[in-house]
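Chemist: Got a structure for you, questions after.
The values are calculated or read from the model by the stated rules, or taken from the named source; none is laboratory data. What you are looking at is a predicted structure, and each value in this text was computed from that prediction instead of being measured. Cβ placement follows ideal geometry from the backbone for every residue including glycine, while neighbour counts extend to all protein chains displayed.
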There are 2 protein chains.
Amino acid sequence: MIRIAVDGMGGDYAPEVVVEGAVSAANDFAHLEIILVGQLDALKRELNKHKVLGGKIIVHPAAEVVGMGDSPVAALRKKKDSSIAVCIDLLKKKEVDAVMTAGNTGAAVAASALMLGPLPGIKRPGIAIGTPTLHGISVAMDVGANLNPSAEELVQYAVMADVYARCIFKKKRPSIALLNIGEEESKGTEVLKEAYKLLRDSPLNFVGNIEGRDFFTGKVDCIICDGFVGNVVLKMCESVLETSIGIISRELRKNPISMLGAWLCKPAMNAIRKETNYEEAGGAPLLGVNGTVIISHGISSARAIRNAIRVSGDIVSTQVNDQIIETIASIPALSNQRLEGKK
Amino acid sequence: MIRIAVDGMGGDYAPEVVVEGAVSAANDFAHLEIILVGQLDALKRELNKHKVLGGKIIVHPAAEVVGMGDSPVAALRKKKDSSIAVCIDLLKKKEVDAVMTAGNTGAAVAASALMLGPLPGIKRPGIAIGTPTLHGISVAMDVGANLNPSAEELVQYAVMADVYARCIFKKKRPSIALLNIGEEESKGTEVLKEAYKLLRDSPLNFVGNIEGRDFFTGKVDCIICDGFVGNVVLKMCESVLETSIGIISRELRKNPISMLGAWLCKPAMNAIRKETNYEEAGGAPLLGVNGTVIISHGISSARAIRNAIRVSGDIVSTQVNDQIIETIASIPALSNQRLEGKK
């Protein structure tokens, strides 16, 4: 049985939607047990609305809540008994195997970094995410934890994205690229030029730079970037198909023949919406910390919460963290030791 | 008559496609005169394929060509008689009113910055572009000239984007936002936090931060960002509708009813392709240099070249540069003097 602490108070629609998603995960996945963390009254009130299979969900108290707009570090300092801090503490004490939160991303990153510390050999954690493309799922990393990574940190993100793509998306030997403003080695910032050299000389399947236009096409399996551009691009991805469908629908309504056409296309459009829906992607792991932490979108639906909990379990069962440690250690040129020396 | 120097040798399909676009602009726009710069034999050979209205195109010699993959500064140093250097030199000597190139962007930016110098009060030039959104055109700046702008440079980009949106896209009082990873003032890098404060205290119509998801929605008229994220996002925009249509078409082909639907929708889809086509956007001006320089995509079609030449003329006739100088000078807090003192 894999035990997952769920931050019951985190997210724009917590606790209602989080509890609904947790119940759905508990009932659907036999190998998962949920520890729902938060204000007991609120959680129990929500739990009473659902049927839960025997013993699959237990509640654990946490008196305080970090708001979506709170300053992460200040909130963690002031609210020692917040649901996210309690979740991470349970993970640290090994009372659970993983944490899932849809709350304040900054607070989740800060709590994990401060309380769990890094995996051996890792300098800074980053957030990885599976994004739908024209040819299946690609992994993008970092998408918001580290706005100014060094070249060495980017290379470590490449290692972690490689492991994540292999374990969770079953890619055999993931192709890896840097997101840049041109394909040539000479393009981009000094940090990117240095990361290019380090990746080229690494045993990873590095294929060079890709430009923004290839983010959606699935040209590569792993896209490595800083947390700023990753976050901007990710949020574009989330809206872009909806926006495109919006433009298309508006145009189709302009005459009766294309309106009929649109009506005939509707089931196919709904299938696409489902296929490229971020609810199905199942959250984004914070990789590089000493524990399994999955961050889900603040506006996550119950289905998105359920899937993020499922992926948390998959990360534990496929031993992503052990593989990251092994891979980093097996590449002397990429491990902390050499990089520390270089800096 | 507005005289525009066209870099006849710049671009992936030069000189063929560039000459075709130049001829089309010369014939279609009575107020424009084209000075086609490059290797005379090649240009004349291409010109002979077309009919040109009397005296609307003259050719001007330049023996060398800066390749798309050349290192910009090295190429300018070695190839003194390159078509882009000769174009900018004609502009400097006021023998033309504007320059249009589809060649090596870095070389165009470097030649303009070095040979023309900045507009009074401007610290660094940036590239602005009109991008199609769900609600008309928005201006994004910078999209590739300055990968690490300071807060002050971002604010100057806001001023220039404001002028460009007013002059070319006829926006009355353009709304302006910073592209960031969250809407709160506290989000993003230190540079963005500082730029937020400067913009909030400026007379511009600053509406705060927007996230990646609002890039396409037309929520604001001007989107201000560094050249790295701007370039990545711009290239995503260029591909995104095509990719979405690709995903949609694949899904529609899965059954005969939706195939019929797709066939009925085809004219509407083609209308969208046209509406959101970058060929219509007409190139991207390098703003902040002492002269009018428009950069067009390396893969520009003849139609895109024609439209970029048209916009070059519009920038001259609406006196964009004079308005930038005036606006910068009218806002003491934004002008070079104070900013120099602050740094």
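Chemist: Please verify whether B:Glu183 is over 16 Å from B:Val139 (Cα atoms) and out of contact with any strand residue (DSSP E or B) (no Cβ under 7 Å at 6 or more places or on another chain), treating the condition exactly as stated.
Modeler: Considered against the rule, which asks whether it is over 16 Å from B:Val139 (Cα atoms) and out of contact with any strand residue (DSSP E or B) (no Cβ under 7 Å at 6 or more places or on another chain), B:Glu183 comes out as no.
Chemist: Ok, one more. Out of everything in the stretch B:168-182 that is surrounded by fewer than 19 Cβ atoms within 10 Å (Cβ to Cβ) and within 13 Å of B:Gly130 (Cβ to Cβ), what residue ends up being farthest from the other protein chains (Cβ to nearest Cβ)?
Modeler: If we take residues in the stretch B:168-182 being surrounded by fewer than 19 Cβ atoms within 10 Å (Cβ to Cβ) and within 13 Å of B:Gly130 (Cβ to Cβ), then B:Lys170 is farthest from the other protein chains (Cβ to nearest Cβ).
Listed here are the residues, each with its yes/no results for (1) surrounded by 21 or more Cβ atoms within 10 Å (Cβ to Cβ); (2) under 16 Å from B:Cys87 (Cβ atoms); (3) of a type outside the set (Val, Ile, Thr).
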site	(1), (2), (3)
B:Leu287	yes, no, yes
B:Val293	yes, yes, no
B:Ser317	no, no, yes
B:Pro332	no, no, yes
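Chemist: Identify all residues within the stretch A:194-218 that are part of a loop (DSSP other than H, G, I, E, B) and closer than 20 Å to B:Leu234 by Cα; write none if there are none.
Modeler: Of everything in the stretch A:194-218, those that are part of a loop (DSSP other than H, G, I, E, B) and closer than 20 Å to B:Leu234 by Cα turn out to be A:Glu211, A:Phe215, A:Phe216, A:Thr217, A:Gly218.
Yes/no matrix, rows are residues, columns are (1) assigned to a helix (DSSP H, G or I); (2) out of contact with any strand residue (DSSP E or B) (no Cβ under 6 Å at 6 or more places or on another chain); (3) not assigned by TED's automatic domain parsing to the domain that holds A:Ala85:
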{"site": "A:Val19", "(1), (2), (3)": "yes, yes, no"}
{"site": "A:Ser24", "(1), (2), (3)": "yes, yes, no"}
{"site": "A:Asn27", "(1), (2), (3)": "yes, yes, no"}
{"site": "A:Val37", "(1), (2), (3)": "no, no, no"}
{"site": "A:Lys44", "(1), (2), (3)": "yes, yes, no"}
{"site": "A:Gly54", "(1), (2), (3)": "no, yes, no"}
{"site": "A:Val59", "(1), (2), (3)": "no, no, no"}
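Chemist: What residue, of B:Val232, B:Val191, is assigned to a helix (DSSP H, G or I) and free of Cβ contacts under 8 Å to residues at least 12 places away in the same chain?
Modeler: Result of the check over B:Val232, B:Val191: B:Val232.
Chemist: Looking at A:Phe228, A:Phe215, which is the one that is buried (at least 19 other Cβ atoms within 10 Å of the Cβ), at pLDDT below 95 and within 19 Å of A:Val143 (Cα to Cα)?
Modeler: After ruling out the rest, the residue left standing is A:Phe215.
Chemist: Of the conditions (1) in a loop (DSSP other than H, G, I, E, B); (2) surrounded by fewer than 21 Cβ atoms within 10 Å (Cβ to Cβ); (3) hydrophobic (A, V, I, L, M, F, W, C), A:Val66 fails just one. Which one is it?
Modeler: Among (1) in a loop (DSSP other than H, G, I, E, B); (2) surrounded by fewer than 21 Cβ atoms within 10 Å (Cβ to Cβ); (3) hydrophobic (A, V, I, L, M, F, W, C), the lone unmet condition for A:Val66 is (2).
Chemist: Please go through the stretch A:129-148 and give me each residue that is surrounded by fewer than 24 Cβ atoms within 10 Å (Cβ to Cβ) and closer than 20 Å to A:Leu199 by Cβ, ordered by number.
Modeler: Correct list: A:Asn146, A:Asn148.
Chemist: Checking A:Thr292 against (1) modelled with pLDDT under 95; (2) away from every other protein chain (no Cβ under 11 Å): exactly one of these is not met. Which one?
Modeler: (1)
Chemist: Quick one: in the stretch B:183-200, which of the residues that are more than 14 Å from chain A (Cβ to nearest Cβ) and of a type in the set (A, V, I, L, M, F, W, C) is surrounded by the fewest Cβ atoms within 10 Å (Cβ to Cβ)?
Modeler: B:Leu198
Chemist: Within the stretch B:247-258, which residues are closer than 13 Å to A:Ile248 by Cα and more than 7 Å from every other protein chain (Cβ to nearest Cβ)?
Modeler: Within the stretch B:247-258, B:Ser249 is the sole residue that qualifies.
Chemist: What's the number of the only condition in (1) within 25 Å of A:Leu234 (Cβ to Cβ); (2) in a loop (DSSP other than H, G, I, E, B); (3) at pLDDT 95 or above that B:Leu154 fails to meet?
Modeler: (2)
Chemist: Only one of (1) aliphatic (A, V, I, L, M); (2) farther than 25 Å from A:Pro72 by Cβ; (3) under 20 Å from the mean Cα position of the chain (by Cα) is not met by B:Leu204, so which one is it?
Modeler: (3)
Chemist: Can you report the number of residues in the stretch B:1-17 which are touching a residue at least 60 places away in the same chain (Cβ under 8 Å) and in a loop (DSSP other than H, G, I, E, B)?
Modeler: Adding up the residues that qualify gives 7.
Residue-by-condition table, conditions (1) surrounded by 18 or more Cβ atoms within 10 Å (Cβ to Cβ); (2) more than 8 Å from chain B (Cβ to nearest Cβ):
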residue: A:Ser202; (1), (2): no, yes
residue: A:Gly208; (1), (2): no, yes
residue: A:Lys219; (1), (2): yes, yes
residue: A:Leu260; (1), (2): no, no
residue: A:His297; (1), (2): yes, yes
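Chemist: With respect to A:Lys56, determine if the residue is of a type in the set (D, E, K, R), buried (at least 17 other Cβ atoms within 10 Å of the Cβ) and without any contact (Cβ under 8 Å) to a residue 60 or more places away in the chain.
Modeler: It is true that A:Lys56 is of a type in the set (D, E, K, R), buried (at least 17 other Cβ atoms within 10 Å of the Cβ) and without any contact (Cβ under 8 Å) to a residue 60 or more places away in the chain.
Chemist: Here's something else I'd like to know. Can you tell me how many residues in the stretch B:221-246 are under 30 Å from B:Gln156 (Cβ atoms), acidic (Asp, Glu) and more than 7 Å from chain A (Cβ to nearest Cβ)?
Modeler: Summing the residues that are under 30 Å from B:Gln156 (Cβ atoms), acidic (Asp, Glu) and more than 7 Å from chain A (Cβ to nearest Cβ) in the stretch B:221-246 gives 2.
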